[in-house]
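See below for the structure under consideration.
The values are calculated or read from the model by the stated rules, or taken from the named source; none is laboratory data. Here the structure is a predicted model, which means the values were calculated and not measured. Quick reminder, even Gly has a Cβ in these numbers, built from the backbone with ideal geometry, and neighbours come from all protein chains shown. With ligands, DNA and RNA removed, areas are computed over all heavy atoms of the protein, side chains included. Shrake-Rupley method; radii C 1.70, N 1.55, O 1.52, S 1.80 Å.
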Amino acid sequence: STMRERKATDPLHSSTDLTEGKEKLRLKQEVGLISGVSLIAGTMIGSGIFMSPEWVLHHMGNPASSLLIWAACGLLATFGALSYAELGTIIKESGGEYIYILRIFGSFPAFLFAYTSVILVRPAGLAAVCLSFAEYAIAPFYPGCSSPQVAVKCTAAACILILTIINCLNVRLATSVMNIFTAAKLLALLVIVVGGLVLLAKGQTQSFQNGFQGTTAGIGAVGVAFYQGLWSYDGWNNLNYVTEELKKPEVTLPRALMIAIPLVTCLYLLVNVSYLAAMTPTELLSSGAVAVTWGDKVLGSWAWLISLSVALSTFGSSNGTFFSGGRVCYIAAREGHMPDILSMAHVRRLTPSPALLFTSAMSLIMIISGSFTSIVNFFSFMAWLFYGMTISGLLYLKIKKPELPRSYKVNLGVYIVLFIFSGIIFYFPLVRFKYHPRFLQRVTLHLQLLLEVAPTTRDAN
């Protein structure tokens, strides 16, 4: 297929046509407030809250400081969502970071984002969640031993194919699946929360005594803990990918964000408290699957409900990730940054089926070639790098185009906090893992020659 050439337009406005014929084909506005909240919360609540708590605790060293990390991650996600809510009321187009970068910074950086996101980042995120779903879904069939990787990957691939069929058939069907699975996972988390409150009422508070004792002091460990926590919050920006499909986006977008993210943050904190009420920190750290261990201790013969809940949760999260990820591909193609066929929609079902099929194919390749850990590490770093770039664009609009109409505004202090936290993006590759790109080494060498400088020797004393 060929790449579409588009005429220059106002950097903050563009056509939303899917075809250039006389009859205009558009995606329907079928996502309301409930579906919007479900898309955000349902994507955020995946496998992270069932798997990450032990790693956050491991790196922080004690329960109290690990709870602070979970709260801080929720606060960071909330600040990011506030910025995205304002962007969504200024640029009322689907595509999330891609469309914001395109309208603010221009075609070239937007193409780089689309190229990276459509081919690698979004499929990687979907593959990671589907692999997690597969691990929990087939675990009961292999009691007492690890599940074969072939079985895990085949199950994850089947999950992607099912999601492809659902999303290609009908938008309303896809949103209904999101609503149902979000309700199921919220119920599962409430069971864990109530179970924890009952244990606390019975006096099982030993995990919280001297809660800050042994706190890790190193910035590296704190950063890694933050990194693990942020993975559990990813998905807070998913509604911005489908802005054109929202009913009254200027109202629905900010409201859905402000309902979903605080709700998820509170649940995450309460669930962690419940884990620590049922288990000592040592038991939690030795658990391969925290939620399953909690179920064995608290629910007894009903512990299988937790494994089922985790599988349902990750499937629902996969659906949200797929729903939004396909829209990035579709919008990028509509703007001429991807093959033209990917910008088309089914004439009867009004779904961006070519883009969804392409996203599915890329995710299947990721599943075949990658592991859960490597995919998560790659996805998390790239995602937060683009989040930072997008929020900097909003700062640019506040300074350069203050006259633009806004139904929602964010206080400037939010951006200062986000800028401070953005240092995490650069800390891990450059400091923690000492990754030095070749081009930086060349720049350093040329500057040494130009300035006639050389490294100094550290004083051993």
Distribution of pairwise C-alpha distances over region 33-444, 20 Å bins, in %
27, 59, 14, 0
Where nothing but the Cβ of Lys and Arg (+1) and of Asp and Glu (-1) is charged, how large is the charge dipole of region 265-369 around its Cα centre, in debye to the nearest 20?
320 debye
How much FRET efficiency would the formula 1/(1 + (r/R0)^6) give for K28 and L120, where r is the Cβ-Cβ distance and R0 is 45 Å, rounded to 0.05?
0.90
If the label point is 7 Å along Cα→Cβ of I399, which residues in region 92-114 have backbone nitrogen under 15 Å from it?
105
Compute the whole-percent fraction of alpha carbon pairs in region 128-247 spaced more than 26 Å apart.
50 percent
How much of E135 can a 1.4 Å solvent probe reach, expressed as accessible area in Å² and rounded to 10?
80 Å²
Cα atoms only, region 218-327: Rg and Dmax in Å?
17.2, 49
Just to confirm the filter: which chymotrypsin sites (Phe, Trp or Tyr not before Pro) across region 322-373 are DSSP coil and have at most 10 other Cβ within 10 angstrom of their Cβ?
none
Name the residue farthest towards the positive end of the dipole of region 33-444 from the options V198, L404, T78, assuming +1 on Cβ of Lys and Arg, -1 on Cβ of Asp and Glu, about the Cα centre.
L404
In Å², and per residue, what accessible area does region 33-444 have when probed at 1.4 Å with the other protein chains present?
40 Å²
Between region 287-329 and region 72-146, how many Å separate their Cα centres?
19 Å
Solvent-accessible area, 1.4 Å probe, carbon plus sulfur percent, for region 218-286
68 percent
Relative contact order for region 33-444: what is it in percent, counting Cα pairs under 8 Å that are at least 6 residues apart?
37 percent
Just need the relative contact order of region 69-204 here, percent rounded to a whole number, with Cα pairs under 8 Å and 6+ apart.
11 percent
Given Cβ point charges of +1 (Lys, Arg) and -1 (Asp, Glu) and nothing else, what value in debye, to the nearest 20, does the dipole of region 33-444 about its Cα centre take?
640 debye
Among L67, S353, L39, whose Cα lies farthest out toward the positive end of the dipole of region 33-444, if unit charges sit on the beta carbon of Lys, Arg (+1) and Asp, Glu (-1)?
S353
